[in-house]
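Chemist: Can you keep this structure in mind? I'll have questions shortly.
Read-outs throughout are calculated quantities, based only on the coordinates presented, and are distinct from any laboratory measurement. Small disclaimer: the values here were computed from a predicted structure and weren't measured. Cβ: placed from backbone, ideal geometry, glycine included. Neighbour counts: every protein chain shown.
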Amino acid sequence: MATSFATTIKPYFSENDRNSMNNADHTGGFTLDLWSAADVKKYFSAIKDAIDSQSMPPGGWPAAKITAFDADFDAWQAGGYQA
């Protein structure tokens, strides 16, 4: 079964994460909706880089969560970005 955005990827992003990325004042004018499969797909590489460098979300994630996210995020891409 392919990894889906709704059941696997979206839950990584809290409502606070989503609100922060939708706030142009917080992001320097750039916004994206972390609960939108289309937005997350469009910015796949930038999101992965930001998570891995712990520049996103605010405060970063523990290493184990980053490792799990990377595996799930790559599986989502490999599976054709299933909604």
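Chemist: Kindly express, to the nearest 10 degrees and within the range 0 to 90, the angle between helix 63-78's C-alpha long axis and the longest C-alpha principal axis of the chain.
Modeler: Between helix and principal axis, roughly 60 degrees.
Chemist: Rounded to the nearest 500 deg cm²/dmol, what is the calculated helix-only ellipticity per residue at 222 nm for the chain, with -39500 (n - 2.57) per DSSP H run of length n ≥ 4?
Modeler: Estimated from H runs of four or more residues: -14000 deg cm²/dmol.
Chemist: Still on this structure: What ranking of Asp49, Asp72 emerges when the number of other C-beta atoms within 10 Å of each C-beta is taken as an exposure proxy, fewest first?
Modeler: Taking fewest neighbouring Cβ atoms as first place, the list is Asp49, Asp72.
Chemist: Please list, in order along segment 25-34, the HN-Hα scalar couplings obtained from phi with the Karplus expression 6.51 cos²θ - 1.76 cosθ + 1.60 (θ = phi - 60°), rounded to whole Hz, x for Gly and Pro.
Modeler: Along segment 25-34, the couplings run 5, 6, 9, x, x, 8, 10, 7, 9, 5 Hz.
Chemist: Just how far, in whole angstrom, is segment 2-20 from segment 32-62 if you go by their alpha carbon centroids?
Modeler: 10 Å
Chemist: Determine the sum of side-chain charges near Asn22: Lys and Arg each +1, Asp and Glu each -1, restricted to other residues whose C-beta is under 14 angstrom from that of Asn22.
Modeler: Around Asn22, the surrounding residues sum to -4.
Chemist: Next up: Can you figure out the FRET efficiency of Thr67 with Asn19, using R₀ = 35 Å and their beta-carbon distance, to the nearest 0.05?
Modeler: Values: r = 26 Å, r/R0 = 0.73.
Efficiency computed from Cβ-Cβ geometry: 0.85.
Chemist: Using modelled amide H (1.01 Å from N, peptide plane; none on Pro or chain starts), what sits under 5 Å from the amide H of Gln82, excluding residues fewer than 5 places away?
Modeler: Phe5
Chemist: Would you kindly derive the ³J(HN,Hα) couplings of segment 45-62 from the backbone phi angles with the Karplus curve 6.51 cos²θ - 1.76 cosθ + 1.60 (θ = phi - 60°), listing them in order in whole Hz, with x for Gly and Pro?
Modeler: Once θ is set to phi - 60°, the couplings for segment 45-62 become 5, 5, 5, 4, 4, 5, 5, 5, 8, 6, 8, 8, x, x, x, x, 10, x Hz.
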